[in-house]
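Notes for the one structure printed next.
Any read-out appearing in this document is the output of simple, stated calculations on the displayed coordinates, not a laboratory observation. In this text, all values refer to a predicted model and were calculated from it rather than measured experimentally. Here the Cβ is made from the backbone with ideal geometry for all residues, glycine too, and neighbour counts use every protein chain on show.
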Amino acid sequence: MAWARGAASTDLATDPVPLVTRGENWMNHQMGVTALEKAGRKYEVTFIGPSILGLIAAARAGLGVIPAVRRRMVSTDLILCPDELPRIPDAVCSIYISETGDAAMLQDLAEEVVAGIRGPNLPADLAQPPRPLPFRTDVMENRK
């Protein structure tokens, strides 16, 4: 997790920190606010938007900072600001695979979910076409 801002962003050394968010139910909002509160920083929600594209546009316009997944921000023109605000802890996601059912198919599904969550590792990966989903002919044949 990281803080991201636009080039036109205001001074983040003073309170309140202007916060661009999808609302208080958004996990990133909760993690960012918790980091600010633990550091004794005050914040003000300056923009609430329904999508990450809206948040990026608001940050670009200088409305505030976004608490975001670092990997999602490296492919944008936003500036990561690791030293200007308190560190946001890393988010962890786990996938549990059922012990019943087609183990190979469930493993394939879990790997695709992980790839979707993880996204591209480097900005250069964005130029690569998406990889096709694995097609398992044996599963389809068993359904006939």
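Key figures
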item: Value of relative contact order over the range 2-80, rounded to a whole percent, pairs C-alpha under 8 Å and six or more apart; result: 50 percent
item: Rh (Kirkwood; distinct C-alpha pairs) - the range 1-49, Å; result: 11.2 Å
item: The range 1-93 - Kirkwood radius from inverse mean 1/r over Cα pairs (Å); result: 12.7 Å
item: Peptide ranges 109-117, 47-55, 16-24 listed from the most packed, as the mean C-beta count within 10 angstrom indicates; result: 16-24, 47-55, 109-117
item: Förster radius 25 Å - calculated FRET efficiency between GLU44 and ARG87 (Cβ-Cβ, nearest 0.05); result: 0.75
item: For VAL17, distant residues with modelled amide H under 5 Å away; result: LYS42, TYR43, GLU44
item: ARG118-GLU24 pseudo-label distance in nm [points 7 Å out on the Cα-to-Cβ vector]; result: 3.6 nm
item: By average C-beta atoms within 10 angstrom, highest first, the peptides 92-100, 27-35; result: 27-35, 92-100
